[in-house]
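Below is one structure, written out as structure tokens; comments come after it.
The values are calculated or read from the model by the stated rules, or taken from the named source; none is laboratory data. Keep in mind it's a predicted model, so treat the numbers as computed, not measured. Note that we place each Cβ from the backbone using ideal geometry, even for glycine, and neighbour counts take in every protein chain shown.
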Amino acid sequence: MSKLAKASGVPQSTIYVYFESKEDLLRQIYLYCIDKMNTTVMNGFDDTKSVKDCLWDYCLRFVEYMKSSTDAFIVYEQFLSSPISRSLELENVVDAFKPMYGFVERAQRDGFIKTTLHPIVVLSYFTLPLAGIIKGEIIWDNPSGKYVYGLLFEASWDAVRVHK
């Protein structure tokens, strides 16, 4: 916190006016990044298409955002990999993903997605594997592309959909 205060040019005590601790600051940064991501990804989102098409669109928008906002992606990756992420309350995560959370709940009520899966788990089936591929692209310069995203999407879709 002292390094942060020095870099930002404010007294360390000022930081503690807004954040209880370093962990609280990191949680708030993560939630801010997730909120910004969701706002961007959901801008113009068309939920009148099929559930599968809507999820595919969400995935492509997620990839596009993360690849164009590498700082936000790094915060996302580091936070999820840190022990601090365990302190995040489920309702904080639900709030952050509220637009897609509601979409998944509706798809579950309509019989398209398994009701045994929590909506956050459903979304994680799609975003976490994609994040791994994006990490390879951003950090290790591994090329992939829409074909690879499509393979991951189909595997995720198969895992969460109701098989009739």
In the stretch 107-123, how many are closer than 20 Å to His163 by Cβ and out of contact with any strand residue (DSSP E or B) (no Cβ under 9 Å at 6 or more places or on another chain)? 10
Condition first: within 20 Å of Leu60 (Cβ to Cβ) and in contact (Cβ under 8 Å) with a residue 24 or more places away in the chain. Now tell me which residues in the stretch 99-118 satisfy that. Pro99, Met100, Phe103, Ala107, Phe112, Ile113
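For (1) under 22 Å from Tyr149 (Cβ atoms); (2) more than 10 Å from the chain's Cα centre (by Cα); (3) aliphatic (A, V, I, L, M), each residue gets a yes or a no:
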site: Cys54; (1), (2), (3): yes, yes, no
site: Leu60; (1), (2), (3): yes, yes, yes
site: Lys98; (1), (2), (3): no, yes, no
site: Gln108; (1), (2), (3): no, yes, no
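Just a yes or no: is a residue in the stretch 65-78 in a loop (DSSP other than H, G, I, E, B) and either within 19 Å of Val104 (Cβ to Cβ) or in contact with a helix residue (DSSP H, G or I) (Cβ under 8 Å, 6 or more places away or on another chain) (or both)?
Just the residues of the stretch 65-78 that are in a loop (DSSP other than H, G, I, E, B), to begin with: 69.
Narrowing further to those that are either within 19 Å of Val104 (Cβ to Cβ) or in contact with a helix residue (DSSP H, G or I) (Cβ under 8 Å, 6 or more places away or on another chain) (or both): 69.
So far as the stretch 65-78 goes, yes, one or more of its residues are in a loop (DSSP other than H, G, I, E, B) and either within 19 Å of Val104 (Cβ to Cβ) or in contact with a helix residue (DSSP H, G or I) (Cβ under 8 Å, 6 or more places away or on another chain) (or both).
Confirm whether Gln28 is within 18 Å of Ile133 (Cα to Cα) and modelled with pLDDT under 90.
no
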Please state which one of Val122, Val148 is without any contact (Cβ under 8 Å) to a residue 24 or more places away in the chain, β-branched (Val, Ile, Thr) and within 13 Å of Cys59 (Cα to Cα). Val148
Going through Ser68, Ser82, Ser87, Ser50 one at a time, which residue ends up being over 29 Å from Leu151 (Cα atoms) and surrounded by fewer than 16 Cβ atoms within 10 Å (Cβ to Cβ)? Ser87
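Filter the stretch 149-164 for residues that are crowded, with 16+ Cβ neighbours inside 10 Å and over 18 Å from the mean Cα position of the chain (by Cα) and give the result. Break it down into steps so the answer makes sense when it comes.
Keep residues of the stretch 149-164 that are crowded, with 16+ Cβ neighbours inside 10 Å, which gives 149, 152-153, 156-157, 160-161.
Listed by number, the list holds a single entry, Arg161.
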For a quick check of your reading of the model, give me the residue pairs whose first member lies in the stretch 18-47 and is closer than 17 Å to Tyr101 by Cβ, whose second is part of a helix (DSSP H, G or I) and among the basic types (Lys, Arg), with beta-carbon atoms closer than 7 Å and at least 6 apart or on different chains. Val41/Arg61
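Inside the stretch 120-164, can you point out the residues that are outside any helix (DSSP H, G or I) and among the charged types (D, E, K, R)?
Asp141, Arg161, Lys164
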What's the number of the condition Ile34 fails, among (1) modelled with pLDDT of 85 or more; (2) assigned to a helix (DSSP H, G or I); (3) surrounded by 15 or more Cβ atoms within 10 Å (Cβ to Cβ)? (1)
